[in-house]
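The values are calculated or read from the model by the stated rules, or taken from the named source; none is laboratory data. What you are looking at is a predicted structure, and each value in this text was computed from that prediction instead of being measured. All Cβ positions, even for glycine, are placed from backbone atoms using ideal geometry, and neighbour counts span all protein chains on display. Note: areas computed on protein heavy atoms with side chains; ligands, DNA, RNA excluded. Shrake-Rupley method; radii C 1.70, N 1.55, O 1.52, S 1.80 Å.
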Amino acid sequence: MKFLSLIAAVVSVPALLAVYVFAAERVIAGKRGTGKVSGARPWLWLAPSFILLIVFLAYPIVNTFLISLKDAKADGFVGLANYAHVFTDPGMLVVLRNNAAWLIFFTLGTLGFGLLMAVLSDRVKWEPVAKAAVFIPMAISFVAAGIIWRFMFEFRPAGEAQIGTVNAVLSAIVPAFEPKAWLFDTSSNNVALIAVGIWMWTGFAMVILSAGLKAIPVELIEAARIDGAGELQIFMRVILPLAAPTIAVVATTLMVNVLKIFDIVYVMTNGALGTEVIANRMYKELFNYRNFGRAGAIAVILLVAVAPVMVINIKRFKESRKANA
Amino acid sequence: MRDATRTFGARGKVRRLSGRVLLNLTLIAVCAIWLVPTVGLLVSSLRPKELIAVSGWWEALASPLRLTLENYVNVLSRANMGTSFLNSLMVAIPGTLIPMCIAAYAAYAFAWMEFKGKEWMYLVVIALIAVPIQMTLIPVLRLFNTLGITGSFMAVWLAHAAYGLPFSIYLLRNFIGQLPRSMLESAFIDGASHPVVFFRLVLPTSLPAIASLGIFQFMWVWNDLLVSLIFLGGTPDVAPMTVTIANMVNSYGGGWEYLTAAAFISMALPLVVFFALQKYFVRGVLAGSVKE
């Protein structure tokens, strides 16, 4: 039964779309010369996309704004009460603090490691292997990564054999190291989660930065070298300024993604012990507390936080279009 | 002068050599940090239950080698992972194919047709790429509840189709828009209609872009937790692997013999896809630097 519906979906959607376009073309071509009808063609081609975009994105966005002004059941309007709650509730303030920490440290960490890998791997013969090693986490789910790192951070009391790699390695190399429950200790749990995020996304930053660095003309770097510049100087004075636009692209992408971070926290701590972030809080408001209004307000805050990046994306797109024209 | 260059050269050689060693060591260290977690998981998943809990996975590498597939057998038969694997396919295959099919027509229209409002409509599509799906969850969930399809595959297919559209349209339009104008124009002069040009000319030449997008979208849907969690729920007969594993974490707690094997089963397909089609996947990621 399941597979019949799978096959039905996989076969019927493309087939129906093809029939639809050819049928539309027959109607349009049959009335050629009227002009008015052939003007309908682009709209007929866009219609399937636009219907989905309106029903599942555009309308819900507007609707969520309205819901954010309503009560728990989304019936009566309550004004800005939900927003007032979001910015005064102690639990929510922790959430906002955590998202700020993710935004700063995840973005800087991922950019830093990505840049390091892009610059260093460019200078060795085994570049493809090194890059693949760092890129692999991009292919797996946050859920799998969550399991991997729960296992890495696994804690056993001092004296017992540590089965978590992090505690075992630190015990071996740091004298008098006390094994730590990384995910439960409130001084380290957010750092531990952010580290997992960095581990997952560095491959992304590396690939894009590496493409950007390879576009820098070799002559420029050679010229600086002949002028007696050291490697560090070349990096700071030549490579970094030229790679700045690429770094900006990576940074904005990382920031949009980190604001929406959900899976890592859901799997590793489920927001316990001061690790909750916006997306997890919204999920809880929605499914545990059944409070549509508050969940809506949290979603709106997320959208507002992402909005500057959307504007940057659009500006960048307009510029690149101008450059190509 | 000549002496100076010679000593400089010799010293430079030593310096360059030590620089190379340092460079390689740093890279190896970073790669090790990135590989060890995954390797540790794989090794652990192959160790007997009673050993996982009492000694580090690295001790499995010492002799005598005691590896077993028992954990995989258990997790596939008892913990519902077999069904979940099929459910993941049930979600991911249509969740990849449907948005691509729909987006291709829109991308073609944006690239090769003229109509009023084209510019700003395309800007809206680009803006939608970054919209957090959280912003849509409540209304869409209520819509699905009204239609009575919450918890069915139909619901996630529709959701993934819509959420995948803006990026799919963007990526395909970029590629289709760069096809040579002369190629399309000569086809039109020969009397070909738009659908014929689309199927005979545009689709075949766009295969590399379609492959990149397909892999990217497949990985995205296969690895998704949130959309399935909300629209499909955790009932065993529909839950995909990400949801099942997330539930296992809560119920089994530290049952590492289950969790390690389950996590690796969920990673197997993406890893195969990654190693087989790395080029296309990376290309998709490069094109997707505005994605979400």
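Take each residue in B:105-112, count the other chain C-beta atoms within 10 Å of its C-beta, and the mean is 5. Ligands, DNA and RNA aside, A:S121 has an accessible area near 0 Å² when probed at 1.4 Å. For B:C101, the solvent-accessible surface computed with a 1.4 Å probe is close to 30 Å², ligands and nucleic acids excluded. Please grab the % of Cα pairs in region A:149-210 that end up more than 16 Å from each other. Taking all Cα-Cα pairs of region A:149-210, the fraction more than 16 Å apart is 52 percent.
When the Cα atoms of region B:7-97 are aligned to their principal axes, the ranges along those axes come out at 71, 46, 16 Å in descending order.
Please state the equivalent ellipsoid semi-axes for region A:195-275: what are the square roots of 5 times the Cα gyration tensor eigenvalues, largest first, in whole Å?
Output for region A:195-275: semi-axes of 37, 12, 9 Å.
Three principal axis extents of the protein assembly as shown based on alpha-carbon atoms, in descending order, are 84, 73, 51 Å.
Using a Gaussian network model of chain B in which every pair of alpha carbons under 10 angstrom is joined by a spring, one finds that among B:S18, B:S251, B:S84 the greatest mean-square fluctuation is at B:S18. Taking trypsin sites (Lys or Arg not before Pro) as exposed when DSSP calls them loop and at most 10 other C-beta atoms lie within 10 angstrom, chain B has its longest site-free stretch at B:117-292. Per residue, region B:76-285 exposes 34 Å² of solvent-accessible protein surface, assessed with a 1.4 angstrom probe and all protein chains in place. Remark: relative contact order (region B:1-132) = 13 percent; criterion is Cα-Cα distance under 8 angstrom and separation of 6 or more residues. Here the relative contact order of chain A, from alpha carbon pairs under 8 Å that lie six or more residues apart, stands at 24 percent.
What trypsin sites (Lys or Arg not before Pro) does region A:257-321 have in DSSP loop regions with at most 13 other beta carbons within 10 Å? The partial results should precede the final answer.
Numbers: sites: A:K260, A:R281, A:K284, A:R290, A:R294, A:K315, A:R316, A:K318, A:R321; in loops: A:K260, A:R290.
Qualifying residues, ordered by number: A:R290.
So which helices of chain A fit the span-like rule, where a helix is a whole DSSP H run, its Cα atoms reach 24 Å or more along the axis, and its mean Kyte-Doolittle is at least 0.5? Please list the in-between numbers first.
Numbers: long enough: A:2-30 (41 Å, 1.75); A:189-214 (37 Å, 1.38); A:240-259 (27 Å, 1.84); A:292-324 (45 Å, 0.79).
Sorted by number, the helices that extend far enough and score high enough are A:2-30, A:189-214, A:240-259, A:292-324.
The mean count of C-beta atoms from other chains within 10 Å of the C-beta of residues in A:192-203, rounded to a whole number, is 1.
A compact globular protein would have a Cα radius of gyration near 2.2 N^0.38 Å; the ratio found for region A:102-253 is 1.27.
For the pair A and B, the buried accessible area comes to roughly 9700 Å² in total, with a 1.4 Å probe and the value rounded to the nearest 100.
Based on alpha carbons, the Rg and Dmax found for region B:236-288 are 14.6, 40 Å.
Here the contact order of chain B, divided by its residue count and restricted to Cα pairs under 8 Å and six or more residues apart, works out to 29 percent.
Just the number: Rg to Rh for chain B, Cα atoms, Kirkwood Rh, two decimals. If you can, show how the numbers build up before the last one.
Working: Rg = 25.6 Å, Rh = 22.9 Å.
We get a ratio of 1.12 for chain B.
Which order do A:E127, B:E185 take when ranked by solvent-accessible area (1.4 Å probe, heavy atoms of all protein chains), largest first? Could you put the intermediate results ahead of the total?
Numbers: A:E127 30, B:E185 85 Å².
Heavy-atom accessible area, descending, gives B:E185, A:E127.
Projected label points at B:N174 and A:V27, each 7 Å from Cα along the beta carbon direction, are separated by 3.4 nanometres. When the residues A:M282, B:M121 are ordered by accessible surface, computed with a 1.4 Å probe over the protein chains alone, the sequence from largest down reads B:M121, A:M282. With each label modelled as a point 7 angstrom along the Cα→C-beta vector, the B:D190-B:V36 pair spans 6.1 nm.
Just to be sure I understand the curve: with the Debye formula and one point per C-alpha of chain A, what is log10 I(q)/I(0) at q = 0.09 Å⁻¹? Debye intensities relative to I(0), on a log10 scale: -0.74. Taken residue by residue and averaged, Cβ atoms of other chains lying within 10 Å of the Cβ of B:272-285 number 3.
Report the Cα centroid-to-centroid distance between region B:180-246 and region A:297-320 in angstrom, as an integer. Value for the Cα centre distance between the two parts: 25 Å. Highest mobility in the GNM of chain B, judged by mean-square fluctuation with C-alpha springs under 10 Å and restricted to B:I93, B:I245, B:I33, is found for B:I33. Computed from phi, the 3J(HN,Hα) profile of region B:71-80 under the Karplus parametrisation 6.51, -1.76, 1.60 (θ = phi - 60°) reads 4, 5, 4, 4, 5, 6, 8, 9, 8, 6 Hz, with x in place of Gly and Pro. A quarter of the convex hull surface defined by the alpha-carbon atoms of region A:238-325 gives 8.3 nm² as the mean projection.
Between amide H atoms placed 1.01 Å from N, distances below 5 Å from A:K70 occur with A:V78, all of them 5 or more places distant or on a separate chain.
Given R₀ = 41 Å, what would the calculated FRET efficiency be for A:V124 paired with A:A181, taking r from the Cβ atoms and rounding to 0.05?
0.60
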